[in-house]
Amino acid sequence: MRIDNYVYTEESFREARRLLKPGGVLVVKFGVRAPWTWMGQRLYKMLDEVFGREPVVLDVAQLGPLLPATVFVTSDDAGLWTRASQPAIARLLTENPPGYPLRVENPPSPTTDDWPYVYHRSHSIPRTYLVVSLVLLAMSLTLVRKSFAPRQPATWVFFFLGAGFLLLETQLVSRLALYFGTTWLVNCVALTAVLLMLVIANLFVAYLRPKRLAPYYVLLLISLFVNFLVPWERLPQSARTVGLLMSAAYGVSVFFAGVIFTKLFAQAERKSDAFGANIIGAVAGGLAQNVSFVIGMKTLLLIAALFYGLAALCAFFRPQELRVRRPSYGPLP
């Protein structure tokens, strides 16, 4: 996720329009160069749709340390276009046109807070991301192949738990970037929330010793669906308040996921096998995260819910394989 992804979305431009005073002008400067001229066409179309009128556009050359770029100027004030038609400004626009067509028959899809990939043209998985993810998955399988038993349902329980948790954690980090900015503050808030809830989950299992995990699977799935359905962007509170509320809501899901993993890991007979399957599952979850390039980021919560649902099915299909066998002690040498 690039730092400026959420800057160039429809929601961001609508918020900028809302903040403009009467007669205010919005200026967007973006470096557009071949063969990525479609980025300029995307911004042109988005500003046209948000403000209801095509923006004034010109190319500016490099000026000292300032790099050349395309400048988009728009406003709610019709006087902007009146001024743009005056001889001096009209000549400036004529002498500095963008070096690519602005109006195309099929412009790139707009970027939104749910699909903020401004540097990606279409709803498809970039080949570079896909190749790197597959390489990492192959490396993980190679490293833990000796402890990965695909015929055992217990292996798939920890596999799906790892995949679901990675999607849940990365979803929290990426969504919080919308409210705190893509800075160290996001990692601080997200990781603090995740680690705190995992510690609480471990203490919960250690002292209360839950016997049945079915209720926690159900509560986990419910919490994921609730987080998916809540319109966080429509809450009237400030951005940081909404971010903290979202951290707490996602933290509930992390807590239930932590309780399930802690209980099952404590019962696992071969801890190394369980941990290896969990690591491979986490890498597979990273691979599944690439689906956000196609369907958007928020839907990843439903994929995480699918992984946790599959983990529940595997756990209840062969529960005896997740129990600890009592060690038999022979005579001392």
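The values are calculated or read from the model by the stated rules, or taken from the named source; none is laboratory data. Since the structure is predicted, the reported quantities are computational estimates derived from the model, not experimental observations. Please note: Cβ atoms are built from the backbone with ideal geometry, for glycine as well, and neighbour counts cover all protein chains shown.
Annotations for the structure displayed:
- Residue list for region 201-225, restricted to those being over 20 Å from ALA304 (Cβ atoms) and either under 20 Å from the mean Cα position of the chain (by Cα) or not aromatic (Phe, Trp, Tyr) (or both): ASN202, LEU203, VAL205, ALA206, LEU208, ARG209, PRO210, LYS211, ARG212
- Members of region 89-100 that are part of a loop (DSSP other than H, G, I, E, B), surrounded by 14 or more Cβ atoms within 10 Å (Cβ to Cβ) and out of contact with any Asp or Glu (no Cβ under 6 Å at 6 or more places or on another chain): TYR100
- Meets criteria (modelled with pLDDT of 95 or more, touching a Pro at 6+ places or on another chain (Cβ under 6 Å) and within 17 Å of SER12 (Cβ to Cβ)) for LEU47: yes
- Hey, LEU306 at pLDDT 90 or above, under 21 Å from the mean Cα position of the chain (by Cα) and closer than 14 Å to VAL157 by Cα or not: yes
- Single condition TRP38 does not satisfy, out of (1) under 27 Å from MET297 (Cβ atoms); (2) among the aromatic types (Phe, Trp, Tyr); (3) not assigned by TED's automatic domain parsing to the domain that holds GLY23: (3)
- Search result, residues across region 18-53 that are touching a residue at least 40 places away in the same chain (Cβ under 8 Å), in contact with a Ser or Thr (Cβ under 9 Å, 6 or more places away or on another chain) and more than 17 Å from VAL118 (Cα to Cα): LEU20, GLY23, GLY24, VAL25, LEU26, VAL27
- Residue match in region 78-100 (condition: more than 27 Å from GLU11 (Cα to Cα) and in contact with a Pro (Cβ under 7 Å, 6 or more places away or on another chain)): no
- Verdict on THR74 being closer than 22 Å to THR94 by Cβ and at pLDDT 95 or above: yes
- Which listed residue is modelled with pLDDT of 90 or more, of a type in the set (Phe, Trp, Tyr) and touching a Gly at 6+ places or on another chain (Cβ under 9 Å), from PHE148, PHE160, PHE180: PHE160
- Among residues of region 197-216 that are under 20 Å from PHE316 (Cβ atoms), those with a Cβ under 6 angstrom from a residue that is surrounded by fewer than 19 Cβ atoms within 10 Å (Cβ to Cβ), sequence gap 6+ or separate chain, pair up as VAL205/THR262.
- Scanning region 219-244 for residues that are within 21 Å of THR299 (Cβ to Cβ) and among the β-branched types (Val, Ile, Thr) gives ILE222, VAL226, VAL230, VAL242.
- If you go through region 58-93 and pick out every residue that is closer than 15 Å to VAL25 by Cβ and either of a type in the set (Val, Ile, Thr) or touching a Ser or Thr at 6+ places or on another chain (Cβ under 6 Å) (or both), you end up with 5.
The rows are residues; the columns are (1) at pLDDT 90 or above; (2) in contact with a Phe, Trp or Tyr (Cβ under 7 Å, 6 or more places away or on another chain).
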{"residue": "TYR6", "(1), (2)": "no, no"}
{"residue": "VAL28", "(1), (2)": "yes, yes"}
{"residue": "THR82", "(1), (2)": "yes, no"}
{"residue": "PRO110", "(1), (2)": "yes, no"}
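- Taken over region 126-166, the criterion of being loosely packed, with under 13 Cβ neighbours inside 10 Å and in contact with a Phe, Trp or Tyr (Cβ under 9 Å, 6 or more places away or on another chain) is satisfied by PRO150 alone.
- The residue of region 183-202 that is modelled with the highest pLDDT, among those that are farther than 18 Å from ALA248 by Cβ and not β-branched (Val, Ile, Thr), is ASN202.
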